Structure formats: structure tokens, C-alpha cells
Amino acid sequence: LLQTDIAEAGRLMTLNHLLLSLMGVSNSRLDSLVWASISAGAYGSKLTGGGGGGCVLALVDEKSLGTVEEALHNLDAPTMVLRMVEKGVYSEELE
């Protein structure tokens, strides 16, 4: 994600959410959070976790972060900001 097209990644996230919703994995609450985040400026958004009461993940840049957080808070949704880092998950051998 750090070296690719963020807008395309967001589009694919939203497409994935649509497919999950069509499969019946989502619910009206999750759908409303997804669309609120996109309307507020997220590149894309999708449910994550088990669905049906799980979480929503939105891909947002710094300039839209406040607007997206506000839109979600207006729907009584708590938010947690996670930032992408250069080095992801890794393992080390301990001696």
C-alpha cells in the first residue's frame, strides 16, 4: 500500500464490501458506517472481522481523517486511527 495506488486499494476495499453485503455478511449498521466514511472522504471502506456486528476499516489520508472521524462519531461509532508503517509484521529469532 505504501508504494501503490491508494485510490485503487480503496476502490477494491469498497468493492469487497459490496460483495460481502450481497452475500448477507453485512448489516444495515455496518453498511451505514461504510457509506458515511466514503461520503466523508475515505478512499474506500469495508467491514472486517466476522461481520454482523464486527468492525469497519476505512482507508483515509491525513487531510480527510478529521472529517471521516466526525462522520463516524455522528453515527455513534467509536474510531481508532491506525497508520501504515514501512515495516509490517516480522519475526525474530531469540537466543
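Assorted remarks:
- Surface/4 of the Cα convex hull for the chain, nm²: 7.7
- Residue exposure sequence - ARG29, ARG83 - by fewest surrounding Cβ within 10 Å: ARG83, ARG29
- Per-peptide packing, taken as the mean over residues of other Cβ atoms within 10 Å, places 55-63, 69-77 in the sequence 55-63, 69-77 from highest down.
- Region 46-95: projected area of the alpha-carbon convex hull, averaged over directions, in nm²: 5.6
- Chymotrypsin sites (Phe, Trp or Tyr not before Pro) within the chain: DSSP coil, no more than 14 neighbouring Cβ in 10 Å: TYR90
Since every read-out is calculated from the coordinates, none of them should be taken as a lab result. In this text, all values refer to a predicted model and were calculated from it rather than measured experimentally. Glycine gets a Cβ as well: all are built from the backbone with ideal geometry, and neighbour counts include every protein chain shown.
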